[in-house]
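Data block below; observations after.
The values are calculated or read from the model by the stated rules, or taken from the named source; none is laboratory data. Note that the structure is a prediction, hence the values are computed from the model and not measured. Here the Cβ is made from the backbone with ideal geometry for all residues, glycine too, and neighbour counts use every protein chain on show. SASA here: full protein model, heavy atoms, side chains in, ligands and nucleic acids out. Shrake-Rupley method; radii C 1.70, N 1.55, O 1.52, S 1.80 Å.
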Amino acid sequence: MWWHRSLTWLMQANNGEHSSEHPSYQTAYYRLSSHYFFYFAVLGGLLPYLGLYFQSLSFTPVEIGQLMGVLLATKVVAPNLWGWLADRSGVSIKWVRLATALTLVGGVGLIAFDTYWPLLLTILFFSFFWHASLPQFESYTFGCLGDEKHRYGQIRLWGSVGFIAAVLAIGWQVEHFGIWVLPWNLLAMLGAVWLTAYLVSDRSPRVHLDKDVGFVAILKQSPVWHLLVVAFLVQLSHGVYYAFFTIQLSDLGYEKTVIAWLWALGVISEIGVFFFMAWLFKSYSVRNLILISVVLTLIRWLMNAYLAASLEWMILAQILHAASFGLFHAAAIHLIDHYFRGRHHGKGQAIFAASSHGLGGALGMLMAGYAWSWGQAELAYGLCAFAVAIALFFAWRGVRE
C-alpha cells in the first residue's frame, strides 16, 4: 500500500538535513499523497458533520453559521502569515510541521468543550494553524513537480480519497453510535496529518533574484485579480452546501448513511477530474475549463435549492462537484502557480487560499446561517447562484492564461 511505503521514509526524512533539490515526481509521489490523504480526511470529518455536531449541542442556525464561518475566516490571515514566513526563510516544510503540531493541540478543545464561546475560541485557534499549512505544502508539491505540473491532480486526488474514507467511516459511526464520535475521529486524523509532515524534508533555502517582479505588482495585473475575485465568489457560493447540506437532507428524511454516500459521490467525481486533469490541460485552455466549471456550479446550486427531495437529482448534483470544486480548483491553482513565481511562490498560494477558501468560505458560511434562518434552502442557494453568476461575468471578462 502507498501509505505503508510512505511510512518507511519517516526516519529518513526526519534526519534534519536539507536536500539540495526537491525530490522527483516519482520519489515524492507517495510521500506527498500521504499528507494529502490525511489532511483532506480531516476535511471529510469537518464539512459533512461539524454542523450536525453543533446542532446536537442545541446551537441555532445563526450560531452554526457563525462557528462554521470562524472555521474558514482564519484562512484569510493564516496562509498569508505562513506564506511570508516560508518565503522569507526559503523553506516550507518546517512551517508545515509547526502548523500541524499546533493544530493537533487545538483539536483537543473539540473534545473538552461543548458550549458556544469556548468552542468558538477553540475553532479560532485550531483552524488558524490548520489553514496555515496547506498552501505551503501545495507550494512544496509544485516545486517537486517541476516541469510536470500537469500531474498535480494525480497527487491531489489522494486527498479526495482521504475525504471519502473519512466521510464513509464517520458516517457509519454516527449512524451506529451517535455524533459524539466526531471530535475523537478528528483528533486521531490530525495526529496523522502531523506525522506525515515528516515524510518530506526541505531543500536548501532558495536564492532570490532582486529583479523579480514585486508581489503587489503581480496582484495588480488584470488576469490575477480577476481570478482571485472569481475564486472568492465561487467558494463563497459553497458556504450553504458545506454548512447545511447534511442538515437539509436530514430534515428531508434521508438516512445518515445515504447522506454520507452522497458526500462521497461528490468527491469520487472530483477524483475523476483530478485523474484526467493532465489530459484536460493538454486538450483545453485553462480559461475555458474555468468557464465550464463556473457554469456547472450555477446549475448545481439551483438543483440543490429546488430538487433536494429527489435522490436522483441529488446524485446528479453531487456529480457536479467534479466541476464546482475539482475542475475549478485544479485550473485555478495551475494559473496561480504560473502567476506567482520565485520568491513570491508561497505568498501566491497563500493569497489564493485566503481569498477563496478563507474570505469567500467564511462569508459564505456566515451568509448561509442568516439566509437559512430567513428563507431556508431556496433563499440560501438562490444567493449562492447569484454569486456564481457574478463570478461567471468576471471569469469571462478577465481570466486569461
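Quick rundown of the values:
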quantity: Alpha-carbon centroid distance for the pair the range 299-317 / the range 35-87, whole angstrom; calculated: 25 Å
quantity: Exposure rank, largest accessible area first [His329, His334, His176; 1.4 Å]; calculated: His176, His334, His329
quantity: Kyte-Doolittle mean at least -1.0, axial Cα span of 20 Å or more - DSSP H helices of the chain; calculated: 25-56, 93-112, 116-145, 152-177, 182-196, 222-237, 256-275, 286-306, 361-398
quantity: Relative contact order [Cα under 8 Å, 6+ residues apart], the chain, whole percent; calculated: 30 percent
quantity: Probe 1.4 Å - accessible area at His131, Å² to nearest ten; calculated: 0 Å²
quantity: Separation of the Arg88 and Ala188 label points, Cα + 7 Å toward Cβ, nm; calculated: 3.9 nm
quantity: Accessible carbon and sulfur surface of the chain relative to its total accessible area, %, 1.4 Å; calculated: 68 percent
quantity: The range 290-341: Cα Rg divided by the 2.2 N^0.38 Å rule of thumb; calculated: 1.37
quantity: Whole-number D in µm²/s for the range 261-401 (Stokes-Einstein; Kirkwood sum over Cα pairs; 25 °C, 0.890 mPa s); calculated: 152 µm²/s
quantity: Among Gln349, Gln136, Gln221: highest mean-square fluctuation, GNM of the chain, C-alpha pairs under 10 Å; calculated: Gln221
quantity: Choice from Val77, Val267, Val216 showing the highest fluctuation, given a GNM over the chain with Cα pairs closer than 10 Å; calculated: Val216
quantity: Residues Ala217 and Leu168, FRET efficiency given R0 of 56 Å [Cβ-Cβ distance, rounded to 0.05]; calculated: 0.75
quantity: Per-residue [θ]222 nm for the chain (sum of -39500 (n - 2.57) over DSSP H runs n ≥ 4, rounded to 500); calculated: -25500 deg cm²/dmol
quantity: Label-point separation, Tyr306 to Ser58 (7 Å along Cα→Cβ), nm; calculated: 3.9 nm
quantity: With at most 12 other Cβ atoms within 10 Å, longest stretch of the chain clear of loop trypsin sites (Lys or Arg not before Pro) (DSSP); calculated: 1-210
quantity: Ranked order, Tyr381, Tyr284 - accessible area, probe 1.4 Å, largest first; calculated: Tyr284, Tyr381
quantity: Between the range 99-114 and the range 334-375, the Cα center-to-center distance that results, in Å; calculated: 23 Å
quantity: Histogram of C-alpha separations across the range 17-168, 5 Å bin width, %; calculated: 2, 9, 16, 19, 19, 15, 9, 6, 3, 1, 0
quantity: Where the Cα pairs of the chain fall when distances are cut into 10 Å bins, in %; calculated: 5, 24, 36, 26, 9, 1, 0
quantity: Most fluctuating residue given options Leu98, Leu199, Leu157, as computed from a GNM of the chain linking Cα atoms under 10 Å; calculated: Leu98
